[in-house]
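First comes the structure, then the notes that go with it.
The values are calculated or read from the model by the stated rules, or taken from the named source; none is laboratory data. Just so you know, these numbers come straight off a predicted model, no measurement behind them. Here Cβ is always computed from backbone atoms with ideal geometry, including for glycine, and neighbour counts include all displayed protein chains. Calculation scope for accessible area: heavy atoms of the full protein, side chains included, ligands and nucleic acids excluded. Shrake-Rupley method; radii C 1.70, N 1.55, O 1.52, S 1.80 Å.
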Amino acid sequence: LTCVGHSRDELCEIISQFKDSGLNQIMALRGDPPQGETDFQPHPDGLRYANELVHLIREVHPDCTIGVAGYPEKHPEAGSAEIDLLNLKRKVDAGGDFVTTQLFFDNQIYFDFVERCRDAGIQVPILPGLLCITSAEQARRFCKLCGTSIPSELESQLEDAGEDKERVEALGIEWIQRQARELLEKGAPGIHLYILNRSGPAIQLMEGLK
């Protein structure tokens, strides 16, 4: 659920509908600006920040499990990593039950992020978000939008694969399997997959982790 395009009353109605339907988990996001716009502008009677949405959900649907987003490499709009971490803590303090991270390709970035969160007093579970690359161009575009870095080793492999889609997808699956295996072995509470409506890479990942 995002804040985009909704008034506070409309958001209350949506949350109430979720509650009445028996939906007890909501991922609370501010949301991106609509297509064609560069800056987020809230509805005149709406909410500006995700922590406000978390607070509203907690008011309307007290028993809901609420997820919030975290950026291991800093939200592109945040002035600094420290400010970004404070914003994340506001979301958790408002009632967030767990954090799902933005995508990353270097596990050390996740481990360092978790440590910084703990030092800041954020004690909720932090789920690592992983993307299986199936298109180099698409992955680079996503990374640019969300401020994610691509390790030189992975970038080199993508360049070598060129336009060979099968090879790109194969190396993407191999990379994410290595990531997921290490993350789980070192205590990550689970894995969140960005699958872009494609089930194949997710199924291959699960099979590879058996």
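Quick notes on this one:
- Dipole in debye (nearest 20) - the chain, about Cα centre, beta carbon charges: Lys, Arg +1; Asp, Glu -1: 380 debye
- Note on the range 47-102: Kirkwood hydrodynamic radius from all Cα pairs is 11.5 Å, rounded to one decimal.
- What the pair-distance distribution of the chain shows, using all Cα-Cα distances binned every 5 Å from zero, is 1, 7, 14, 17, 18, 16, 14, 8, 4, 1, 0 percent.
- Residues in the chain average 55 Å² of solvent-accessible surface per residue, probe 1.4 Å, ligands and nucleic acids excluded.
- Cα gyration tensor shape for the range 3-80, rounded if a/c is under 1.5, else prolate or oblate: oblate
- HN-Hα J in Hz across the range 10-17 - Karplus 6.51, -1.76, 1.60, θ = phi - 60°, x for Gly and Pro: 5, 5, 4, 5, 4, 4, 5, 5
- Of interest is the spacing of the C-alpha centroids, which for the range 1-79 and the range 122-167 amounts to 26 Å.
- Backbone amide hydrogens, once placed in the peptide plane, bring Thr65 within less than 5 Å of Gln25, Ile26, excluding anything fewer than 5 places away on its chain.
- Here the Karplus relation 6.51 cos²θ - 1.76 cosθ + 1.60, evaluated at θ = phi - 60°, turns the backbone of the range 41-55 into coupling constants of 10, x, 4, x, 10, x, 10, 9, 10, 5, 5, 5, 5, 4, 4 Hz, with x for every Gly and Pro.
- Share of carbon and sulfur in the accessible area of the range 1-143 stands at 47%, probe radius 1.4 Å.
- Taking the chain as the region of interest, the number of lysine pairs whose Cα atoms are within less than 24 Å, with members eight or more places apart or on different chains, is 8.
- Once both labels are positioned 7 Å from their Cα atoms along Cα-to-Cβ, the gap between Ser135 and Lys165 label points is 0.9 nm.
- What the phi angles of the range 179-186 give under the Karplus curve with 6.51, -1.76 and 1.60, with θ = phi - 60°, is a coupling list of 4, 4, 4, 5, 4, 5, 5, 9 Hz, glycine and proline written as x.
- Long-range HN-HN contacts of His43 with modeled amide H, under 5 Å: Gly5, His6
- Cα→Cβ-extended label distance, 7 Å offset, between Gln41 and Ser156, nm: 4.7 nm
- Database remark: amide H of Leu131 closer than 5 angstrom to the amide H of Phe104, Tyr194 (H placed geometrically; neighbours at sequence offset of 5 or more, or on other chains; Pro and chain starts carry no H).
- Selected from Phe142, Phe111, Ile66, residue furthest toward positive end of dipole (the range 1-160; charges at beta carbon): Ile66
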